[in-house]
1. Please report how far the C-alpha centroid of the range 210-240 lies from that of the range 151-171, rounded to the nearest whole angstrom.
2. Assuming R0 = 30 Å, can you tell me the calculated FRET efficiency for the pair LEU65 and LEU168, based on Cβ-Cβ distance, to the nearest 0.05?
3. Mind putting a number on the dipole of the chain about its Cα centre? Charges go on the C-beta only, +1 for Lys and Arg and -1 for Asp and Glu, and I need it in Debye to the nearest 20.
4. Using Cα pairs closer than 8 Å and at least 6 residues apart in sequence, work out the relative contact order for the range 1-143, in percent.
5. Return the single residue from VAL114, VAL218, VAL30 with maximal mean-square fluctuation; model: Gaussian network over the chain, springs between Cα atoms under 10 Å.
6. Among LEU50, THR206, ALA236, whose Cα projects farthest towards the positive end of the dipole of the chain, with charges put on the beta-carbon of Lys, Arg (+1) and Asp, Glu (-1)?
7. Got a sec? How would LEU28, LEU13 order by Cβ neighbour count within 10 Å, fewest to most?
8. Identify, among VAL215, VAL173, ASN189, the residue whose Cα sits farthest towards the positive end of the charge dipole of the range 155-227, taking +1 on the Cβ of Lys and Arg and -1 on the Cβ of Asp and Glu, with the dipole about the Cα centre.
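Since every read-out is calculated from the coordinates, none of them should be taken as a lab result. Please read these numbers as outputs of a predicted model, since none were measured by experiment. Neighbour counts are summed over all protein chains in view; Cβ atoms, including those assigned to glycine, are modelled from backbone coordinates with ideal geometry.
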Amino acid sequence: MSYNNTILEIDNLNVFYGGIQALYDVSLNVKKGEIVTIIGSNGAGKSTLLRTIAGDKEIGSGKILFEGQKLPSKTYQFVERGISLVPEGRRIFVNLSVMDNLRVGAFKEKNKSVIEEGMEDVFELFPRLKERANQIGGTLSGGEQQMLAVGRAMMARPKLMMLDEPSLGLAPVIIDEMFEKFKEINKKNGTTMLIVEQNAELALETADRAYVFNVGKVSLEGNSMDLMNNETVQEAYMGFK
């Protein structure tokens, strides 16, 4: 796969929580068609970065460009621009059915046939959701809710899908299945992905490139396989000694 076009560019980004600085001069880029992962310990600033890209956190200084342009000022406009976030903890609509959750994901689409086509794509990827199409979201298992959260993001047909700790709270067999699905979405739909993940080994196995965050800064970056073989990464994030 060729990565000629940068879809997301972040340059010297600084972000604050009140008077406390959370990100320090963070610079990274994601090229069209890539899967890029961000790994690091709790509190390293990984999720803060995704929330800032998605418009939930204000930029202190620096810049974020999506397809060469500044991000919009309204959160809902991010979806219209082609950015979808699968948030930590899934945050599906627990009182809505699977079908209605998916429809919410396609709120910007007015063409019913396009919406139906999107649902078929989701159901093909996640057959269990099709079996539970009329089931209320809050009654699904944790794994099924994560499938629904990803499916909801797919319904917007994003150019960039961001996933915040997608393995959190899931059984190992479901985690492995989900990461295989991420690769399938990337390959089949050409969806660029930025994944924040604490399971460093699985994240590096899935991604093309990776950034390591440490106390709000990028401490390492490079090809995922190179970082997987890096002794510092192995000892700090993969339990090797």
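1. Centre-to-centre distance over Cα atoms comes out at 23 Å.
2. Details: r = 29 Å, r/R0 = 0.97.
Working from the Cβ atoms, E equals 0.55.
3. Working: 28 positive and 32 negative charges, 163 e Å.
The calculated dipole for the chain is roughly 780 debye.
4. Details: 167 pairs, mean separation 29.4, N = 143.
Relative contact order for the range 1-143 comes out at 21 percent.
5. VAL114
6. Value computed over the given set: LEU50.
7. Working: LEU28 18, LEU13 23.
Lowest count first: LEU28, LEU13.
8. The listed residue farthest towards the positive side: ASN189.
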